[in-house]
Amino acid sequence: MTKKLIPVILIFLTFSCSNINQVENTIEKLKNLRSENDSLREIVADIETKYVFDSISFREIYGKDNTYERNAEFNVELLVVGYNPNKSYFVKFDSIVDGKKINTDTLKQKNGGFKYKTKLTEKENVIRIDMNVENEFGQKKMGTLLETIRTKN
């Protein structure tokens, strides 16, 4: 009877040890996963405070006083423009009458830029543009941009 119990006890001890090792490995994996999860939460929280863009473009703006003469200084401003091609829009309008925007024009985007033309018909010409910059992650920005352009005459 004792001889029959010895193999059973040995098998039981073997399984018990391997089971303890598996539990310890599982606990260690859980600790690692919790640590990774905490790190990812910190990264996501940080991203939510930033503006996130899908694309980027570069613009050069030549100084208005550049003479283009030999040996003259030439001033250039380099702009880095981050943008979201399908998630941002700008709508130009002339005025608001009875709560409605008059003469609206949705501006087309090209490499992050929104170009528009306006005719300067008054001594002071006000340009109004509704801005909506969205993205799945990060900050969003909405508002109305106002610009007044004075004519010389």
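Of all residues in the stretch 121-141, how many are farther than 14 Å from THR106 by Cβ and outside any loop (DSSP other than H, G, I, E, B)? I'd like the intermediate steps shown before the answer.
Of all residues in the stretch 121-141, those farther than 14 Å from THR106 by Cβ come to 121-127, 133-141.
Now narrow it down to the ones that are outside any loop (DSSP other than H, G, I, E, B): 124-127, 133, 141.
The number of residues fulfilling the criteria is 6.
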Task: Of all residues making up the stretch 87-104, the number that are charged (D, E, K, R), on the phi < 0 side of the Ramachandran plot and without any contact (Cβ under 8 Å) to a residue 40 or more places away in the chain - done: 4
- [ ] Quick one: in the stretch 87-100, of everything that is out of contact with any Leu (no Cβ under 8 Å at 6 or more places or on another chain) and open to solvent by 90 Å² or more (accessible area, probe 1.4 Å), which residue is nearest to THR144 (Cα to Cα)?
- [x] ILE96
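Could you identify the single residue in LYS115, LYS31, LYS110 that is on the phi < 0 side of the Ramachandran plot, at pLDDT 85 or above and open to solvent by 80 Å² or more (accessible area, probe 1.4 Å)?
Details: LYS115 fails: at pLDDT 85 or above; LYS110 fails: at pLDDT 85 or above.
Result: LYS31 is the single residue among LYS115, LYS31, LYS110 that is on the phi < 0 side of the Ramachandran plot, at pLDDT 85 or above and open to solvent by 80 Å² or more (accessible area, probe 1.4 Å).
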Task: Subset of the stretch 59-86 (residues that are free of Cβ contacts under 8 Å to residues at least 24 places away in the same chain, within 29 Å of THR148 (Cβ to Cβ) and either of a type in the set (Val, Ile, Thr) or not in a loop (DSSP other than H, G, I, E, B) (or both)) - done: GLU60, ILE61, TYR62, VAL76, GLU77, LEU78, LEU79
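Considering only the stretch 75-86, how many residues are open to solvent by less than 80 Å² (accessible area, probe 1.4 Å) and modelled with pLDDT under 80? Show your work before the answer.
First, pick out the residues of the stretch 75-86 that are open to solvent by less than 80 Å² (accessible area, probe 1.4 Å): 76, 79, 81-85.
From what is left, the residues that are modelled with pLDDT under 80 are 79, 81-85.
The total comes to 6.
May I ask you to say which residue of ALA72, ALA45 is small (Gly, Ala, Ser), over 19 Å from the mean Cα position of the chain (by Cα) and open to solvent by less than 70 Å² (accessible area, probe 1.4 Å)?
ALA72
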Open item on the list: Tell me yes or no: at least one residue of the stretch 134-141 is touching an Asp or Glu at 6+ places or on another chain (Cβ under 9 Å), modelled with pLDDT of 80 or more, under 29 Å from GLU48 (Cα atoms) and open to solvent by 60 Å² or more (accessible area, probe 1.4 Å).
Closed with: yes
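Scan the stretch 122-143 for residues that are closer than 12 Å to ASP94 by Cα and polar (S, T, N, Q) and jot them down. Please lay out each step first, then the result.
First pass over the stretch 122-143, keeping only residues closer than 12 Å to ASP94 by Cα: 125-130.
Hit for the stretch 122-143 is ASN125, nothing else.
The values are calculated or read from the model by the stated rules, or taken from the named source; none is laboratory data. These figures come from a predicted structure and were not determined experimentally. Heads up, the Cβs are rebuilt from the backbone with ideal geometry, glycines too, and the neighbour counts pull from every protein chain shown. Ligands, DNA and RNA are excluded from the accessible area calculation, which covers all protein heavy atoms including side chains. Shrake-Rupley method; radii C 1.70, N 1.55, O 1.52, S 1.80 Å.
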